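**Student:** For reference, the structure I am asking about is given below.
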Amino acid sequence: MDAGSGAEPHRARGRLGAPCSGARAPGAPWARFSAWLECVCVVTFDLELGQALELVYPSDFRLTDKEKSSICYLSFPDSHSGCLGDTQFSFRIRQCGGQRRPWHTDDRHCDSGAPASLQREHAHYFGYVYFRQVKDSSARRGYFQKSLVLVSRLPFVRLFQALLSLVAPEYFDKLTPCLEAVCNEIDQWPAPVPGQTLNLPVMGVVLQVHIPSRVDKPESGPPAQRSHENLLPAPVVLSSVHELDLFRCFQPVLAHVQMLWELVLLGEPLVVLAPSPAVSSEMVLALTSCLQPLKFCCDYRPYFTVHDSEFKEFTTRTQAPPNVVLGVTNPFFIKTLQHWPHILRVGEPRMSGDLPKQVKLKKPSRLKTLDTKPGLYTAYTAHLHRDKALLRRLLKGLQKKRPSDVQTALLRRHLLELTQSFIFPLEHYMASLMPLQKSITPWKTPPQIRPFRQDDFLRSLEHAGPQLTCVLKGDWLGLYRRFFKSPHFDGWYRQRRKEMAQKLEALHLEAICEANIEVWMKGKSEVEVVDLVLKLRERLVRAQGHQLPVKEATLKQARLYIETVISSLPKDLQVILCPP
């Protein structure tokens, strides 16, 4: 394999790979397929051309040349990884050239009910890869090298890995007809509606999955399984569509998991240098999942190569490194990214009876170009003290041969409680900025949400800080001050303010619907009455599009008010407001 070849990837035309012609309309074929996947790609290795895009299915899906190039290079391990056999990993790329598929109402509904961290990506594609490299005497270079890639906007890594493990081996044997059949089956799947447990049939197997909802309790286990009486064969139940084995991913860095949590929370530029794309992508995804239920608001690339279109942007020394968690496998990046403040080098994961050797904290000046040993190379000093009790519990679990999923649950719960302890004071202070409900009157503009004042918040920590829910000691004030400068504070604040503004609008609509509309109309000019109709209609549209948290009874009352108000107007205005 020559993943380092400088040749541009070429699109080999397969029977299904004709040039793409346009976006799919909501009622068009593949609309149900596109609720889960954008397309399926097959990337092969051509001796003369390097990585080549052999197939895109469905064939009407459009990819720009830059996207094709990125998918080709990121679908193969680079030449330093030496991956033989079957390997699974993932990548994430920027979408180029604007949105090409219509944004369906169903998509908006699914997003509105999903946790912030699991909502559909608007500007990026995920690529889930199943790569096979095996000896093949019939091939000119002596190897069969091919990748099957699922391209999606959903961060459901566990689900798509399970799907690939069923489909890819069969596809490599039977090729195109198998892929067509699988895509047609996916096109029959129900939509991924949050809160639902779904049975997804594919290739004679039924995958049973629960789609997480924002009302799910984060610390609870998977939901009770459905009855299997009418399902033959019995379904394969996935405990999660997105959660990785966190304990296995973090085994070499457990001693520093809290420092890594701080670096991720603060949106610090971080490079993960791993021996393979599988280790790289899993470590990056594990790190970005540390903040749940807080949404990870920075960029991240589970697997990144020197051929990526953002290579110059990420490696330039003319400006500060961007807020990105970058997963790489090529040691060349140690030299190229030496100016980045935090570099984590990890080796191959080992699942033995004992805790693997923990990577050491090292100064960035200790970095060497090629023979850099595993370690966390950073000058950062953690704000919070290390939780030694957590490490003792995990070590005890290893000694007692506790299952990995139980160890993962322990670790995930610790990180969840740490994030919640950090976020709760912010939520508490933010709630205090909301106007009182009694100050919202029907016929006046609702009062404004008060501004977030950092000094006021920091003063509030004395009696409502993280010490109420977290035993960890340390410089919490310093951590909050740095957090205010991070993309995660900006993302959290914008989202919370938007939700509060929507709640304020919904409360105002409720106040109007509880008032006596006929009393208000007395003495009002036609202009004022028409203005009320237009405003009520606008809010109805927003509420029906799940953008306002309004009860159905309120919507019904608002429609009744609109009819009452319009019927009081002259006939000519009624015709304008309600055209036949």
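The values are calculated or read from the model by the stated rules, or taken from the named source; none is laboratory data. Please read all numbers here as calculations on a predicted model, not as lab measurements. Here Cβ is always computed from backbone atoms with ideal geometry, including for glycine, and neighbour counts include all displayed protein chains. For accessibility, only protein heavy atoms count, side chains too; no ligands or nucleic acids. Shrake-Rupley method; radii C 1.70, N 1.55, O 1.52, S 1.80 Å.
**Student:** If only one of ARG386, ARG413 is open to solvent by 70 Å² or more (accessible area, probe 1.4 Å) and in a helix (DSSP H, G or I), which one is it?
**Tutor:** ARG413
**Student:** Within region 436-481, which residues are within 25 Å of VAL533 (Cα to Cα), open to solvent by 90 Å² or more (accessible area, probe 1.4 Å) and outside any loop (DSSP other than H, G, I, E, B)?
**Tutor:** Across region 436-481, the qualifying residues are GLN437, LYS438.
**Student:** Ok, one more. Quick one: MET430 ticks every box in (1) open to solvent by 90 Å² or more (accessible area, probe 1.4 Å); (2) at pLDDT 95 or above except a single one, so which number is it?
**Tutor:** Status for MET430: all satisfied but (1).
**Student:** On to the next question. Here are some conditions: (1) assigned to a loop (DSSP other than H, G, I, E, B); (2) at pLDDT 85 or above; (3) touching a Pro at 6+ places or on another chain (Cβ under 7 Å). PHE61 meets all but one. Which one does it not meet?
**Tutor:** (3)
**Student:** In addition: Determine whether VAL533 is more than 30 Å from the chain's Cα centre (by Cα) and either open to solvent by 50 Å² or more (accessible area, probe 1.4 Å) or polar (S, T, N, Q) (or both).
**Tutor:** Here the answer is no, as VAL533 does not meet what is asked.
**Student:** Moving to a separate point now. Could you look through region 35-54, keep only residues that are open to solvent by 10 Å² or more (accessible area, probe 1.4 Å) and outside any loop (DSSP other than H, G, I, E, B), and pick out the one that is farthest from LEU154 (Cα to Cα)?
**Tutor:** By that ranking, first place goes to ASP46.
**Student:** If TYR493 satisfies all but one of (1) farther than 23 Å from PHE452 by Cβ; (2) at pLDDT 85 or above; (3) open to solvent by less than 80 Å² (accessible area, probe 1.4 Å), what's the number of the condition it fails?
**Tutor:** TYR493 satisfies every listed condition except (1).
**Student:** So which of ARG496, ARG453, ARG482 is without any contact (Cβ under 8 Å) to a residue 24 or more places away in the chain and closer than 30 Å to TRP261 by Cα?
**Tutor:** ARG453
**Student:** Related question: Looking at ARG92, ARG141, ARG108 in this structure, which one is part of a loop (DSSP other than H, G, I, E, B) and either at pLDDT below 85 or open to solvent by less than 20 Å² (accessible area, probe 1.4 Å) (or both)?
**Tutor:** After applying the criteria, what remains is ARG141.
**Student:** With LYS357, LYS396, LYS401 as the choices, which residue is open to solvent by 100 Å² or more (accessible area, probe 1.4 Å), assigned by the TED database to the domain that holds THR329, under 29 Å from GLU243 (Cβ atoms) and not in a loop (DSSP other than H, G, I, E, B)?
**Tutor:** So the residue among LYS357, LYS396, LYS401 that is open to solvent by 100 Å² or more (accessible area, probe 1.4 Å), assigned by the TED database to the domain that holds THR329, under 29 Å from GLU243 (Cβ atoms) and not in a loop (DSSP other than H, G, I, E, B) is LYS396.
**Student:** I'd like the residue in region 307-321 that is assigned to a loop (DSSP other than H, G, I, E, B) and surrounded by fewer than 16 Cβ atoms within 10 Å (Cβ to Cβ) and, out of all such residues, is modelled with the lowest pLDDT.
**Tutor:** Applying the filter and picking the extreme gives SER309.
**Student:** Additional query: Quick test for you: out of VAL151, VAL206, VAL129, pick the one residue that is part of a strand (DSSP E or B) and more than 25 Å from PHE91 (Cα to Cα).
**Tutor:** So the residue among VAL151, VAL206, VAL129 that is part of a strand (DSSP E or B) and more than 25 Å from PHE91 (Cα to Cα) is VAL206.
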